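Step one of this worksheet: look at the structure below.
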Amino acid sequence: MSPKNTEPLSEIILKGVGVSPGVAVGEVVLFAHDKGASTVVDRSVSEEQIPLEIARFDEALIATHRQISEIQRKVASMLGEEHAGIFDAHLLVVDDRYFIEEVVRELREKKKNVESIISQVAGRYIEMLSKLEDDYLRERAADVRDVTRRIIENLAGEAVDRMDKIAQPCIVVATDFSPSDTAGIDRAMVHAFATDQGSATSHTAIMARALEVPAVVGLHDLTGQVRPGETVLVDGTRGVVIIRPTSERLLIYAQRAEEHKTILCELETLKDKPPETTDGYYVPIAANVGLPSDVERIGKYGAKVVGLFRTEFLFLEEDRLPDEEEQMQVYAQVADQCAPDNVVIRTLDMGGDKFSSALRIAPELNPFLGWRAIRFCLAHPDFFKIQLRAILRAGAGRNISMMYPMVSCLGEVLEANIILGECRRELQEEAIPFAENLRVGVMIEIPSAAITADLIAPHVDFFSIGTNDLIQYTLAVDRVNENVAYLYTPTHAAILKLISQVVRAGHAQHIPVSVCGEMAASPELVPLLIGLGVDELSISPPSVPMVKDVIRNLSYSDCRMLAKEALRSTSSAEILAQCRELLAKSSPEILELIS
Ligand code: PEP
Ligand code: MG
């Protein structure tokens, strides 16, 4: 077996996408959804990481040997020595010098993570043994398979597989999280999280912001570079993760944290001030809410209205769907908490990176383009009606609006409204009170809907532009794929033209147009959206103070000018530079904070 690397490892700085602001330092807890399944991910490792991988291999072999010996002892005492003898073959595999040397040699040659090398080497052994004539030797293939599984499980080692098992303050590191994983996070224990995959608009990132946990995603190979218990620093504001930070680095960050705190305290004083530009133009800021518990916190940040209430969280349980009464109670409670201000409830937007096991949607090749959201609801009117009835009932005597997500054409809106009409009639017949004049809007997040916004506008009460998806679909860039994140450009001329077109179509029919995608929370892009004529911004609650500060230092005429120039520009980089220039002039400290 190779000697362990005892050299102290140096600091590593990784750049990812900061999706939830703030800084945290702590010990790593590795998270793996299903470590028992031992799914082997193939990833490259650098020359410097090779000793680390060999050390992991050594430790996994020692742990595996110990576990097998323990099982052997137990079996011997319960069933007798002859039964325990079968584990001798397992111990032979784990101690096999040729197997170990082959793994180490291939690791050095191929520069891949040890899990993938082990499964390749073991795979060859298994194939070779299974082809042998001799029964005894052929059966040894099962031993190799069993031992390999155990070694790979031990490599996942200290990874936890459920958030609620985390009992000490830490930084959670994972390949990725599902929305339900992040919903189970205990904020007192999880000080930050960092993932290999994901992007700014993945559902996971949205949940992180709602939970106010600093987070960086899209770090490619973080899980391969850290080990449980190591110290990492997560800077969610700048999108940086530092493994084993030096004491100088920690000092710099402590100073930055102080400055950050001062700015945040100053921003807090804006809570009751209006989001109004220096020349008196009012831009309402609403909150995006993903969990009912978030509603309690929106006031703290100076938001009152809920511009997007995501309802997917209600459908995350594995084995049951919420009934009408249950949904109605949740919607009514949220509306009561926000009263007299409005809450916009979005009908179910399941699919893409938001999935529900209870809905039993079969896996699709292109889930983002598939049978999701309004498409799924229209295909299951009885299921859809449960939610529509719940919203209508909650709206009785309360200030509630509703919007449909993922609309691609007017036909879908008309069809959804027919089902809504049926719900109204049924409730009337049943003499159950409901919102007779419920305002119904549409999310504009598919290019076809944006282009035909003039056809849709006469049939709805408002538009809400979902830029997270609009950018994804217009630019053909998967919003959760970190490899194409560089193409995800909100300032692309196509996006600006579409937003401008939707605003014009909405205003021509005298209906308001808001933006509820993450673009609206970006301080540098806020002036652009205002200049494009957007009437309201709906953003995650913690972003409200900063965006309000940006608005209060802007002049509306500068925003109009910026948008006019941007619509003429051919380069997204140039537009972004112009946006930054304006922010540097109006709110230099905010630009400094986010750069
Ligand atoms: C959007 O697409 O911009 C949006 C707000 O919806 P979601 O992020 O939930 O898809
Ligand atoms: Mg969307």
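Worth pointing out:
- From Ala303, Ala335, Ala390, Ala396, residue being among the small types (Gly, Ala, Ser), assigned to a loop (DSSP other than H, G, I, E, B) and closer than 29 Å to Glu429 by Cα: Ala396
- The range 59-113, subset outside any helix (DSSP H, G or I) and under 44 Å from the mean Cα position of the chain (by Cα), residue farthest from Arg227 (Cα to Cα): Asp96
- Number of positions in the range 442-475 that are within 15 Å of ligand 1 (Cβ to nearest atom), outside any helix (DSSP H, G or I) and of a type outside the set (D, E, K, R): 9
- Residue count for the range 129-138, restricted to those that are more than 45 Å from the chain's Cα centre (by Cα) and part of a helix (DSSP H, G or I): 4.
- Matching entry among Ile345, Ile374 (being more than 23 Å from Pro541 (Cα to Cα), in contact with a strand residue (DSSP E or B) (Cβ under 8 Å, 6 or more places away or on another chain) and not polar (S, T, N, Q)): Ile374
- Test result for Glu412, within 16 Å of ligand 2 (Cβ to nearest atom) and of a type in the set (D, E, K, R): yes
- Hits in the range 463-496 (condition: of a type in the set (Phe, Trp, Tyr), under 27 Å from Ala508 (Cβ atoms) and away from ligand 2 (no atom under 16 Å from the Cβ)): none
- Residue in the range 539-561 that is of a type in the set (Ser, Thr, Tyr), assigned by TED's automatic domain parsing to the domain that holds Tyr281 and under 20 Å from Asn468 (Cα atoms) present: yes
- Evaluated against (1) under 25 Å from Asn417 (Cβ atoms); (2) in contact with a helix residue (DSSP H, G or I) (Cβ under 7 Å, 6 or more places away or on another chain); (3) among the hydroxyl-bearing types (Ser, Thr, Tyr), Ser500 falls short on exactly one condition, (1).
- Residues of the range 483-518 classified as within 13 Å of ligand 1 (Cβ to nearest atom) and in a strand (DSSP E or B), total: 2
- Residues that are free of Cβ contacts under 8 Å to residues at least 40 places away in the same chain and either of a type in the set (Phe, Trp, Tyr) or in contact with a strand residue (DSSP E or B) (Cβ under 9 Å, 6 or more places away or on another chain) (or both), drawn from the range 436-472: Arg439, Val440, Val442
- Ser401, sole failed condition from (1) more than 16 Å from ligand 2 (Cβ to nearest atom); (2) part of a helix (DSSP H, G or I); (3) open to solvent by less than 10 Å² (accessible area, probe 1.4 Å): (2)
- Taken over the range 514-544, the criterion of being away from ligand 2 (no atom under 16 Å from the Cβ), closer than 19 Å to Asp461 by Cα and β-branched (Val, Ile, Thr) is satisfied by Val534 alone.
The values are calculated or read from the model by the stated rules, or taken from the named source; none is laboratory data. Remember, predicted model here, so these are calculated numbers, not experimental data. Because the Cβ atoms are built from the backbone with ideal geometry, glycine has one as well, and the counts that use them run over all protein chains shown. Note: areas computed on protein heavy atoms with side chains; ligands, DNA, RNA excluded. Shrake-Rupley method; radii C 1.70, N 1.55, O 1.52, S 1.80 Å.
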